[in-house]
Every structure is written in structure tokens, then in C-alpha cells.
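Inspection log for the structure reproduced underneath, given as C-alpha cells.
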Amino acid sequence: MRKRIIPQELEQSATDRQGWLDLQQHALVEVTSEHEAHPIEAAFKDAAQGEAGWKASQPGKQTIRLLFDEPQTITRIKVLFEEKDRERTQEFVLRWLPEGEQPYREIVRQQYNFSPPHATTELEEYAVELHGVSALELSITPDIGGGNVCASLAQLRLR
């Protein structure tokens, strides 16, 4: 029998990647702004790859829109936000566009508080049944109190 002992973090990383849609290969991305050191592509990669996620280049509400090359069936959506420096309340809205239809349909709207150093991460994973998805849109209001904050997204995954 052949075997190999692998570190737990490597095993978890391989499991986490399994089955997620390769967004860089299957979608055109529209984004309202991006910091040159934190492009949108970084949010589509595994944290294990050392990427810091996406950040906007300007404060205020931002939109990330995925326009799929072919209509997709989506059964799971995972979003990860991180804030290690500033206390604030953030809101995000996920919407989808069925093939050949208008307008976008809302999936979820959620607000939550970041309160460093304790509450610095928000991970949400949604089970959905979306068929014929031609576009998916994520709108982020980084501070609903109107603070001068740039939006960020550590990770976005679709299955």
C-alpha cells in the first residue's frame, strides 16, 4: 500500500476548491473601481494562494457584476468579507439575472457590523437553486453611516 501524510491545511484547501466555478474562465467581470494592488481577480482565488482579495480604489458603494459566457446553474454562493482596522456597519446585496429577462432579482440583502479586533470577518454561504443565470451582481455599501470607507471582498465563490 502506498500512502502519504499531508498537512491538514493542504487537505482543507483541496476540498474547498472542489466543485467551485472557475469565474475567470466563465465570466466577464464588470467592477465600478479597483485598487491596482488588489484587483478583482484576487477575490476569485483561494486564500491559500496568498491573495489579499479585491479592494475598491474609491470610497462609497461599489458593484461587482459577473456576466456569464453561457447561462449557469448556481446552487451555492459563498462571500467572505474582512475588516481588521475600522468599526462600521456594511451592507451587501446579491442579485441575479435570469437568461432573457429583466430586471435583476434579489437573492439576499444583509447588514452586519465589523468591530475590530473581535468581529473582523463575515463569511456567508447560501444554498440556492438558480437556473439559467446570465449575470450575478454584488453591491457593497461599505459603511451605511456614510463613512469614507473603500469596499473590499476577500473571496467570492459560486457552485
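The values are calculated or read from the model by the stated rules, or taken from the named source; none is laboratory data. Since we're looking at a predicted model, the values are computed, not measured. Heads up, the Cβs are rebuilt from the backbone with ideal geometry, glycines too, and the neighbour counts pull from every protein chain shown. When the accessible area is computed, the model is the full protein with side chains, heavy atoms only, and any ligands, DNA or RNA have been set aside. Shrake-Rupley method; radii C 1.70, N 1.55, O 1.52, S 1.80 Å.
For the chain, the number of Lys pairs separated by eight or more positions or lying on different chains, with C-alpha atoms closer than 19 Å, is 4. Scattering from segment 50-132 was approximated by placing one identical point on each alpha carbon and applying the Debye formula without solvent; log10 I(q)/I(0) at 0.17, 0.20, 0.26 1/Å stands at -0.86, -1.10, -1.45. For Glu129, neighbours were defined as the other residues whose beta-carbon sits under 14 Å from its Cβ, and their charges (Lys and Arg +1, Asp and Glu -1) total +3.
Residues Asp85, Asp46, ordered by accessible area of protein heavy atoms at a 1.4 angstrom probe radius and largest first, appear as Asp85, Asp46. A 1.4 Å probe run over the protein chains yields, for the chain, 59 Å² of accessible area per residue, whole-number rounding. Thr75 sits among other residues whose Cβ lies under 9 Å from its own Cβ, and their net charge, with Lys and Arg +1 and Asp and Glu -1, is +1.
Quick check on segment 99-152: take the gyration tensor over C-alpha atoms, sort the square-rooted eigenvalues as a ≥ b ≥ c, and tell me if it's rounded (a/c under 1.5), prolate or oblate. Verdict is prolate for segment 99-152. Once both labels are positioned 7 Å from their Cα atoms along Cα-to-Cβ, the gap between Asp85 and Gln102 label points is 4.0 nm. A probe of 1.4 angstrom, applied to the heavy atoms of all protein chains, finds Tyr126 with accessible area near 40 square angstrom. Taking a ≥ b ≥ c as the square roots of the eigenvalues of the Cα gyration tensor, an a/c ratio of 1.5 or more together with a/b no larger than b/c marks the chain as oblate. For segment 32-89, the list of trypsin sites (Lys or Arg not before Pro) that fall in a loop by DSSP and count at most 10 other C-beta atoms within 10 angstrom reads Lys84.
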